[in-house]
Amino acid sequence: MDKVRYGVIGLGMGRAHISGMREIMRAELTAVCDTNEERLADCLKSYPGVVGYTDYKALLERDDVDAVVVATPDRLHREMTVAAINAGKHVLCEKPMALTLEDCQMMIDASRNTDRKLMIGQICRFTPGFMRAKQLIDNGEIGDLFFVESEYAHDYSKIPGTFSNWRLDPLRHGFLGGGCHAVDLVRWIAGNPYEVAAFANKKMLVDWPTDDCTIAIMKFPNDVIGKVFVSIGCKRNYTMRSVFYGSKGTIIVDNTNPVMQVFKTESDCGFTVPMLYPISLNNHNTAGEIASLTDAILNDIPIEMDAVEGASTVKAALAAVESSKTGRIVKVDYDF
Ligand SMILES: NC(=O)c1ccc[n+]([C@@H]2O[C@H](COP(=O)([O-])OP(=O)(O)OC[C@H]3O[C@@H](n4cnc5c(N)ncnc54)[C@H](O)[C@@H]3O)[C@@H](O)[C@H]2O)c1
């Protein structure tokens, strides 16, 4: 096998995955699926030779589909992912992995019962600025971490309506649905938060079924503390400004700013030098995701952003939602 042949289910974000795929030599698109015939026809027009379906089960029956991208509304992730694995396909499932821990567990179990790969599309792990920050932190450039913060500020009233009503699902709290990006980022940098406390309100999207603004504070391993702020009703451009504080320096990185700032205390001269790193603003680096999954399949190597990682992000996010509702600090384990 020298190529991975992909099928894509859901042609909203799925189209971004298809574009990413076209950049990867060892990935090939063979089939697509969407219940919306207009979207399906539009996609097939752009990719002659690719076959299209409105029923995802028909796509799963094809022998020329080795791996499937599940890019449908969150509530469908579990059903489609488990069906795809049971049909012998590898899967890249969009974030959040699922809306409940029960669904996450079923997806983990399905992947554990086979040799098929299951990757969750937490795309911040492929965002150039966040990758660079992680590399600097892992190399010890800012010393011992003591505080991490990230935010997901995204005005959902600006997301075009037709395809997005599923976001009004009461199980899709803003802190989980979009906020999982920021939660996953701080988990990736600082490890699994084991205590979470949160406050939330709803002053912007007053008809939304969940709170629209949440602040969570978290305790991480190695005595690191941190916070995640999520607003899905804020009046500003989409951003994920993130700051990582260490004993020797601080990194400020934002997926909408082409410059990452690194402040380092140089002990010899005793002052702080801000260094500016140019970074690409490729916030949806689907090519990076597809390349990673394709390599893992072709070389049979483990996936970093696997099912347990995806479920751990859901668990941390749901702990914050629970805390905001109960007013209690929530202790979190990561046994799946
Ligand atoms: N990684 C990211 O940054 C990012 C960005 C946006 C969305 N997402 C995720 O991608 C997923 C899809 O979001 P979106 O913005 O593309 O939504 P969308 O509504 O634009 O697209 C979803 C598509 O799925 C199709 N669909 C619905 N039910 C289906 C079914 N049973 N079979 C086949 N197709 C079906 C719809 O017709 C629609 O075209 C969600 O899980 C979302 O959280 C991730």
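Throughout, read-outs are computed from the coordinates displayed, never taken from laboratory work. Keep in mind that what you see is a predicted model, and the values were worked out from it rather than measured. Glycine gets a Cβ as well: all are built from the backbone with ideal geometry, and neighbour counts include every protein chain shown.
Summary table below
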read-out	value
In order through the stretch 109-124: 3J(HN,Hα) via Karplus (6.51 cos²θ - 1.76 cosθ + 1.60), integer Hz, x for Gly, Pro	4, 4, 6, 5, 7, 9, 9, 6, 8, 10, 10, 9, x, 7, 6, 4
Hz values of 3J(HN,Hα) by residue in the stretch 305-320 - Karplus curve (6.51, -1.76, 1.60), Gly and Pro given as x	8, 8, 5, 5, 4, x, 5, 5, 5, 4, 5, 5, 5, 5, 5, 5
Lys, Arg +1 and Asp, Glu -1 on Cβ, resulting dipole of the stretch 219-336 about Cα centre, debye, nearest 20	860
Dipole magnitude of the stretch 39-148, debye to nearest 20 (Cβ charges: Lys/Arg +1, Asp/Glu -1, about Cα centre)	200
Residue-averaged 222 nm ellipticity for the chain, from DSSP H runs of 4+ at -39500 (n - 2.57), nearest 500	-9500 deg cm²/dmol
Likely footprinting exposure, Val51, Val253, Val332, fewest C-beta neighbours within 10 Å first	Val51, Val332, Val253
Cα-based helix-to-principal-axis angle, 128-138 vs the chain, degrees rounded to 10	50
Calculated FRET efficiency for the pair Asp144/Thr54, C-beta based, R₀ 56 Å, to 0.05	0.55
Computed over the chain: relative contact order in percent, which uses C-alpha pairs under 8 Å that are six or more apart	21
Dipole axis of the stretch 46-205 (+1 Lys, Arg; -1 Asp, Glu on Cβ), positive-most option in Leu171, Val196, Ala98	Leu171
Unit charges on C-beta of K, R, D, E only; dipole of the chain, Debye	740
Charge dipole of the chain about the Cα centre (unit charges at C-beta), most positive-ward option of Ile251, Ile159, Val330	Ile159
Angle between the chain longest axis and helix 286-299 axis [Cα atoms, degrees, rounded to 10]	70
The stretch 120-273, relative contact order [Cα under 8 Å, separation at least 6], %	31
Theoretical FRET efficiency, 1/(1+(r/R0)^6), r = Cβ-Cβ of Asp169 and Leu276, R0 45 Å, to 0.05	0.65
Ascending count of other beta-carbon atoms within 10 Å, so fewest first, for His90, His284	His284, His90
Between helix 77-86 and the chain: long-axis angle, C-alpha atoms, 0 to 90°, nearest 10	60
Placed amide H near Thr256: partners under 5 Å, 5+ positions off or other chain	Met240
Residue order, fewest to most beta carbons within 10 Å, for Trp208, Trp188, Trp166	Trp166, Trp208, Trp188
Using a Förster distance of 22 Å, the FRET efficiency for Thr265-Asn237 (Cβ separation, nearest 0.05)	0.10
